[in-house]
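K.L.:
Before anything else, here's the structure in question.
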Amino acid sequence: MSETQVPWKQTMPTAQFSLMRDILAAPSPVGLEAAMTYGVLKPQFERFAPDGWHLHQFKGNAGVVLDTHPGRDDMFKLMLIGHADKIRMQVRSIGDDGKIWINTDSFLPTVLIGHEVKLFSEDPKQHGQYRCLEGGTVEALGAIHFSDPAMRTGDKGLKKEQIYLDLQIHGENKKQQVENLGVRPGDSIIFDRPIRAGFSPDTFYGAYLDNGLGCFVTAEIARLIAEAGGTEQVRVMFAIASYEEIGRFGSRVLAGELKPDALIGVDVNHDYVAAPGIGDKRMQPLEMGKGFTMSVGSIASEQLNRVIAQAAGEHDIPLQRDIVGVDTGTDGMAGVLASVDCAATSIGFPIRNMHTISETGNTQDVLAAIHALTYTIQALDKIPNLEREFLDNHPRLDNATPLAHQGSDKPEGEKS
């Protein structure tokens, strides 16, 4: 295979990067995911979906599923799931001095200070209509001069209850000024940070790679499958879920409603090599720029992993094994949590600084995931009887063969 035929070794094309950035930029805090699912992904699906494919929508959440063979429950059903929800902050109360006290959700309080945000407030005169307030910053103490000595040295940290949004309010009736804007307890707040190309080649950074990236990958796989003519034996369901960050509730609904036979969660992962302060924990050295990751462990289907690994290996797509135990930590658990009988696993891409304003990824890892899963779907489509394949071929350790010492020679070409 020539170098030009391996996109995961190339720089991501500008148009594809722009689509990724548009998906990541959609303001979709938990519970308000429709900006991404309906505003960006639904139109994208409709642009390339062949006649006969169907977009499922749901009443209780803004999840969507693009289905290659709607109604064909006689076919083997494979579901890929990314999640559109972003962790958010929200208004807790408004002080007499104009400070907007906020809940920090899944952020460390220390990563919030000084950053610009957007606050989304429902118009009290037009229910269902939202306004966007820009220009505020997240604060806690206001100045180092007002902190105690232990906080200055780092011996004492910030508490989440200290975090507030500063709108630079001054003058008379400060609280009323905020209330006149329509700001109310419960309003959503997200970072105001665009995605930018990184300093190193093929890198990018910004807020909320978790998990617009999984949605982008899922959508791009759907496009490639559509362009290749679809599938004949596998009914593929490209799912974009909600509520992952608060318990993976959305993907449980999608799996429970559509009952896939196999399920792959698509989500970000950690770059453990670059993570500060965890070297002594001896984590698996997942690293940005070294390929996509695949969950391996007691909850992941070895049968499904076998097909993914073989597809990646046949096309020389770099794969990193991610060690999990009873939980993948992703929507890959949807089938288990929804009590659906399906083979499940999770794939991802290592990023740095997860749940911060400067999450960092590598486009080649993302492209590796897109093409590895596209080849996986095509490989599954070639298996004569997938139903029996997954029913009858669970790994049998009683059939394991003896293994003896293999010597000390390294594989040819491997560096010392």
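The values are calculated or read from the model by the stated rules, or taken from the named source; none is laboratory data. Just so it is clear, the model here is predicted, and its values are computed rather than measured. Here Cβ is always computed from backbone atoms with ideal geometry, including for glycine, and neighbour counts include all displayed protein chains.
K.L.:
For the stretch 85-116, give me each residue that is under 30 Å from I370 (Cα atoms) and buried (at least 22 other Cβ atoms within 10 Å of the Cβ).
P.N.:
Restricting attention to the stretch 85-116, the residues satisfying the condition of being under 30 Å from I370 (Cα atoms) are 85-88, 106-107.
Listed by number, the residues that qualify are D85, K86, R88.
K.L.:
Mind listing whichever residues of the stretch 131-147 are in a strand (DSSP E or B) and surrounded by fewer than 16 Cβ atoms within 10 Å (Cβ to Cβ)?
P.N.:
Our first condition is that a residue be in a strand (DSSP E or B); within the stretch 131-147, this holds for 131-139.
Those that are in a strand (DSSP E or B) and surrounded by fewer than 16 Cβ atoms within 10 Å (Cβ to Cβ): R131, C132, E134, G135.
K.L.:
Looking at L19, L78, L55, can you tell me which residue is within 18 Å of the chain's Cα centre (by Cα) and at pLDDT 95 or above? Explain how you work it out, then say what you get.
P.N.:
Numbers: L78 fails: within 18 Å of the chain's Cα centre (by Cα); L55 fails: within 18 Å of the chain's Cα centre (by Cα).
Only one candidate passes the filter, namely L19.
K.L.:
Criterion first (modelled with pLDDT of 95 or more, of a type in the set (K, R) and touching an Asp or Glu at 6+ places or on another chain (Cβ under 8 Å)) does K99 satisfy it?
P.N.:
Numbers: modelled with pLDDT of 95 or more: yes; of a type in the set (K, R): yes; touching an Asp or Glu at 6+ places or on another chain (Cβ under 8 Å): yes.
Answer is yes for this residue.
K.L.:
Would it be correct to say that T374 is in contact (Cβ under 8 Å) with a residue 12 or more places away in the chain, closer than 23 Å to F292 by Cα, surrounded by 11 or more Cβ atoms within 10 Å (Cβ to Cβ) and touching a strand residue (DSSP E or B) at 6+ places or on another chain (Cβ under 6 Å)? Even if it seems obvious, please write down each step before you answer.
P.N.:
Details: in contact (Cβ under 8 Å) with a residue 12 or more places away in the chain: yes; closer than 23 Å to F292 by Cα: yes; surrounded by 11 or more Cβ atoms within 10 Å (Cβ to Cβ): yes; touching a strand residue (DSSP E or B) at 6+ places or on another chain (Cβ under 6 Å): no.
It is false that T374 is in contact (Cβ under 8 Å) with a residue 12 or more places away in the chain, closer than 23 Å to F292 by Cα, surrounded by 11 or more Cβ atoms within 10 Å (Cβ to Cβ) and touching a strand residue (DSSP E or B) at 6+ places or on another chain (Cβ under 6 Å).
K.L.:
If we scan the stretch 247-259, do we find a residue that is surrounded by 24 or more Cβ atoms within 10 Å (Cβ to Cβ) and either more than 22 Å from N211 (Cα to Cα) or touching a Lys or Arg at 6+ places or on another chain (Cβ under 8 Å) (or both)?
P.N.:
no
K.L.:
Any residue in the stretch 374-387 that is within 19 Å of the chain's Cα centre (by Cα) and in the same structural domain as A241 (by TED's automatic domain parsing)?
P.N.:
Let us first name the residues in the stretch 374-387 that are within 19 Å of the chain's Cα centre (by Cα), namely 374.
If we keep only those that are in the same structural domain as A241 (by TED's automatic domain parsing) too, we end up with 374.
Scanning the stretch 374-387, I find at least one residue that is within 19 Å of the chain's Cα centre (by Cα) and in the same structural domain as A241 (by TED's automatic domain parsing), so the answer is yes.
K.L.:
If you take just the strands (runs of 3 or more DSSP E) that sit entirely in the stretch 1-84, which of them hold at least 1 residues that are surrounded by fewer than 19 Cβ atoms within 10 Å (Cβ to Cβ)? Reasoning before the result, please.
P.N.:
On the way: elements: 54-57, 64-67, 76-83.
Result: 54-57.
K.L.:
Another question, then. I need a count of the residues in the stretch 144-197 that are in contact with a helix residue (DSSP H, G or I) (Cβ under 8 Å, 6 or more places away or on another chain) and either closer than 20 Å to I100 by Cα or of a type in the set (V, I, T) (or both).
P.N.:
Final tally of qualifying residues: 10.
K.L.:
Based on this model, can you work out whether S346 counts as more than 22 Å from A219 (Cα to Cα), surrounded by 20 or more Cβ atoms within 10 Å (Cβ to Cβ), at pLDDT 95 or above and among the small types (G, A, S)?
P.N.:
On the way: more than 22 Å from A219 (Cα to Cα): no; surrounded by 20 or more Cβ atoms within 10 Å (Cβ to Cβ): yes; at pLDDT 95 or above: yes; among the small types (G, A, S): yes.
Spelling it out, it is not the case that S346 is more than 22 Å from A219 (Cα to Cα), surrounded by 20 or more Cβ atoms within 10 Å (Cβ to Cβ), at pLDDT 95 or above and among the small types (G, A, S).
K.L.:
Hey, could you check the stretch 204-245 for residues that are of a type in the set (S, T, Y) and surrounded by fewer than 23 Cβ atoms within 10 Å (Cβ to Cβ) and say which is nearest to V40 (Cα to Cα)? Lay out the reasoning, then the answer.
P.N.:
The first filter runs over the stretch 204-245 and keeps only residues of a type in the set (S, T, Y), leaving 205, 208, 218, 231, 242-243.
This time we only want the ones that are surrounded by fewer than 23 Cβ atoms within 10 Å (Cβ to Cβ), so: 205, 231.
Values: Y205: 20, T231: 25 Å.
Restricting to residues being of a type in the set (S, T, Y) and surrounded by fewer than 23 Cβ atoms within 10 Å (Cβ to Cβ), the top hit is Y205.
A quick yes/no check of all residues on (1) touching a helix residue (DSSP H, G or I) at 6+ places or on another chain (Cβ under 6 Å); (2) under 20 Å from N211 (Cβ atoms):
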residue	(1), (2)
A275	no, yes
E287	no, yes
A300	no, yes
A309	no, no
T330	no, yes
T345	yes, yes
R352	no, yes
H355	no, yes
S358	no, yes
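K.L.:
What are the pairs, 6+ residues apart or on separate chains, where a residue within the stretch 25-36 that is over 16 Å from G128 (Cβ atoms) has its Cβ under 8 Å from a residue that is among the charged types (D, E, K, R) and assigned to a helix (DSSP H, G or I)?
P.N.:
These pairs meet every condition: V30/E245.
K.L.:
Does T363 satisfy the condition of being in contact (Cβ under 8 Å) with a residue 60 or more places away in the chain, under 22 Å from A219 (Cβ atoms) and in contact with a strand residue (DSSP E or B) (Cβ under 6 Å, 6 or more places away or on another chain)?
P.N.:
no
K.L.:
Please verify whether the stretch 117-130 includes one or more residues that are modelled with pLDDT of 95 or more, exposed (fewer than 15 other Cβ atoms within 10 Å of the Cβ) and assigned to a strand (DSSP E or B).
P.N.:
The answer is no, given that none of the residues of the stretch 117-130 is modelled with pLDDT of 95 or more, exposed (fewer than 15 other Cβ atoms within 10 Å of the Cβ) and assigned to a strand (DSSP E or B).
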